[in-house]
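**Student:** Pasting a structure below so you can have a look.
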Amino acid sequence: MRKAGAFILGTGRALPSRVLTNQDLERMVDTSDEWITQRTGIKERRIVGEGESNSRLATTAARRALSRAGVSPEDLDLIIVATLTPDYLMPSVAVLVQQALGARRAGAFDLSATCSGFLYALSIADKFVREDPKRKILVIGSEVLSHKTNWEDRTTCVLFGDGAGAAVVTGSPDGERGVLSTHLHADGSLWHLLTLKGCGSLYPPCDPRIPREDYFIRMQGREVFKQAVRAMEAVAMEALETAGVAPGELDLLIPHQANIRIIEYLRERLELPPEKVFVNIHRYGNTSAASIPIALDEALEEGRLKEGDLVLMVSFGGGFTWASVLMRW
Ligand code: UT7
C-alpha cells in the first residue's frame, strides 16, 4: 500500500444554536414530518440566527480543531475553506478566518466543489504535506445554506442546514497513519440538475429578468439521487480497489449526509453492518461541504474511530462532483 500522507491532528465543529424541526416546516410549507423522515431521514436542522455567519462558524470550528491538535494559529501554513455559501464573493471566507485566528503566516483561499468540497480540500492538503510533512494546514467545510434556501419550495427547503467542521492536517508521523488515497471526479454535463445561480456574474442581483427562484438552490431531486447512488458506490470501490482493501476491512464509512436512503444504498452495496457507517443526518440535514467534517468530529467524540482504524469518506454534490478519501486513523 502507498505511504500515508495527510494526518489529522485534531478536528472541531460549530453548529448554530437555532433548531428547525420538521414540525416547524409543517407550518411553513405543504409537507409532513412523516414524508421528510421517510424520504430523507432528516428530523431537524440548524439555522443561523442574528450575528452568525459562515466565517464565524468556520472560525469557531477551527479554534476547536486547533485546540485539540495543540497547534497555534501562528504555526499554520495554509487555510482552505470549502464552501458554496461564502459571506461575500470577495474576500474569501478563508481570509476572514485567517484574520480572526491571527494566523499571520498562512496562505488562505476558498474552494468551490459543492458537497465534495471538504474532500477536495483534504486532497489538496495531502499534496502539500507530502511535499513537506512539517506543514500545518487548516481544512474547513462551512456553509450557511439557509440563506440560499427558497423557504417556499418544499422540494428543497426541508433538506438543508447550516454548520461548519474543521481539521488540522500535517504530514504522517510514520508513513502508516494518514491519507492513503484520494479520488476526485466531476461531470459538468449535468450541472443544470442542481444550481444556485443568483448573484453569479451571469445572474446579477436585482435583475428583474431573472426569476426569484434562481437566487436560491434549485434541484431535480430524483435525477440527482440516481446519479448520487451510482457515483458514490463507484468512487468508494475505486478507493478500496486502489488500496487493495476489501469493504469488510473498513472500520468506518463516513458518507456525505444528503439522504438516508443514499447512505443505506451505499452501506448495502459495500455489505457493511450499520455500526460501521456514521449517520447524523437526522440532526443536521444536508450541510453540503460541512457534512463530512462535522460527522468526522462527532465520530471521534463518540469513540467510533481509534488509532489504526481504516476510514473511508465519500461525497457527492452539485456540478456534479464526487470524491473519496481513504485514511488509516
Ligand atoms: O448534497 C447534494 C446531493 N443531493 C442529493 O443527493 C439529494 C438527492 N435527492 C434526494 O435526496 C431526493 O430526491 C429528495 C429527498 C430530494 C426527494 O425525494 P424523492 O423520493 O426523490 O421524491 P420526488 O422528488 O420523486 O417526489 C415525490 C413526491 C412528489 O409528489 P408527486 O409528484 O408524486 O405527487 C413531490 O411533489 O413527493 C412530493 N414532495 C413532497 N411532499 C411532501 C416533494 N417534496 C415534498 C415535501 N413534502 N417536502
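**Student:** Work out how much length Glu238 to Lys127 would gain on full extension: take 0.36 nm times their residue separation and subtract the Cα-Cα distance, in nm to one decimal. Each step should come with its number before you reach the end.
**Tutor:** Working: separation 111, 0.36 × 111 = 39.96 nm, distance 1.92 nm.
Here the answer is 38.0 nm.
**Student:** Please compute the contact order of the stretch 235-308 in relative form: average sequence separation of alpha-carbon pairs under 8 Å and at least six residues apart, divided by the residue count, as a percent.
**Tutor:** Details: 60 pairs, mean separation 24.7, N = 74.
33 percent.
**Student:** Write down Rg/Rh for the stretch 179-328, rounded to two decimals, with Rg from the C-alpha atoms and Rh from the Kirkwood relation over Cα pairs. Working shown, then result.
**Tutor:** Details: Rg = 17.0 Å, Rh = 16.5 Å.
That ratio equals 1.03.
**Student:** Next question, about the same structure. Test of the criteria: in the stretch 31-63, which GluC sites (Glu not before Pro) are in a DSSP loop and have at most 14 other Cβ atoms within 10 angstrom of their Cβ? Could the numbers behind the result be given before it?
**Tutor:** On the way: sites: Glu34, Glu44, Glu50, Glu52; in loops: Glu50, Glu52.
Those that pass, being in a loop and sparsely packed, are Glu50.
**Student:** Can I ask one more? Which of Val144, Val29, Val325 has the fewest other C-beta atoms within 10 Å, and how do the rest follow up to the most?
**Tutor:** Numbers: Val144 31, Val29 14, Val325 26.
With the sparsest Cβ surroundings first, the list reads Val29, Val325, Val144.
**Student:** Full-extension gain between Glu307 and Ala246, please, as 0.36 nm times their residue separation minus the C-alpha to C-alpha distance.
**Tutor:** 20.0 nm
**Student:** Considering the options Val314, Leu184, Gly198, tell which one lies farthest towards the positive end of the dipole of the stretch 179-328, charges being +1 on Lys and Arg and -1 on Asp and Glu at the Cβ, about the Cα centre.
**Tutor:** Among Val314, Leu184, Gly198, the one farthest towards the positive end of the dipole of the stretch 179-328 is Gly198.
**Student:** Would you give the gap between the C-alpha center of the stretch 24-83 and the C-alpha center of the stretch 183-260, rounded to a whole Å?
**Tutor:** Using only Cα atoms, the two centres lie 18 Å from each other.
**Student:** Any idea what the dipole of the chain comes to, in debye rounded to 20, about its Cα centre with Lys/Arg Cβ at +1 and Asp/Glu Cβ at -1? Before the final figure, lay out the partial values.
**Tutor:** Numbers: 38 positive and 42 negative charges, 89 e Å.
Magnitude of the dipole: close to 420 debye.
**Student:** How big is the chain in terms of Cα radius of gyration and Dmax, in angstroms?
**Tutor:** For the chain, the Cα radius of gyration and maximum Cα-Cα distance read 18.7, 59 Å.
**Student:** On to the next question. Can you order the peptides 301-314, 199-212, 150-163 by their average number of other Cβ atoms within 10 Å per residue, highest first?
**Tutor:** Numbers: 301-314: 16.5, 199-212: 10.4, 150-163: 20.8.
Final packing ranking: 150-163, 301-314, 199-212.
**Student:** Counting only Cα, what are the radius of gyration and maximum Cα-Cα distance Dmax of the stretch 120-263, in Å?
**Tutor:** Values for the stretch 120-263 (Cα only, Rg and Dmax): 18.8, 59 Å.
**Student:** Another question, if that's okay. Return, ordered by residue number, the residues of the stretch 52-68 whose backbone nitrogen is under 17 Å from a label point located 7 Å along Cα→Cβ of Arg105.
**Tutor:** Within reach of a label on Arg105: 66-67.
**Student:** Please arrange Ser116, Ser324, Ser146, Ser291 by how many other C-beta atoms lie within 10 Å of their C-beta, fewest to most. Spell out each step's value before the answer.
**Tutor:** On the way: Ser116 32, Ser324 26, Ser146 22, Ser291 29.
The order, fewest Cβ neighbours first, is Ser146, Ser324, Ser291, Ser116.
**Student:** Follow-up. Just want the ordering: Ile79, Ile137, from fewest to most Cβ atoms lying within 10 Å of their own Cβ. Each step should come with its number before you reach the end.
**Tutor:** On the way: Ile79 28, Ile137 24.
Going from sparsest to densest Cβ surroundings: Ile137, Ile79.
**Student:** With the contact rule set at Cα under 8 Å and sequence spacing of 6 or more, what percent relative contact order holds for the stretch 179-328?
**Tutor:** Relative contact order comes out at 37 percent.
**Student:** Rounded to the nearest 0.05, what FRET efficiency do Glu271 and Gln23 have when you use their Cβ-Cβ distance and R0 = 56 Å?
**Tutor:** Numbers: r = 36 Å, r/R0 = 0.64.
For Glu271 and Gln23, the calculated efficiency is 0.95.
**Student:** Shifting gears a bit: Mark the label point 7 Å from the Cα of Glu152 along Cα→Cβ and return the residues of the stretch 25-51 whose backbone N is within less than 14 Å of it.
**Tutor:** Residues 29-30 fall inside that zone.
**Student:** Another one. Please work out how many pairs of lysine residues in the chain are eight or more positions apart (or on different chains) and have Cα atoms closer than 29 angstrom.
**Tutor:** Eligible lysine pairs with Cα atoms under 29 Å apart amount to 20.
Computed from the coordinates by the stated procedures, all read-outs in this text should not be read as laboratory data. Everything numeric in this text was worked out from a predicted model, so none of it was measured. As a convention, Cβ positions derive from the backbone with ideal geometry for all residues, glycine included, and neighbour counts pool all protein chains shown.
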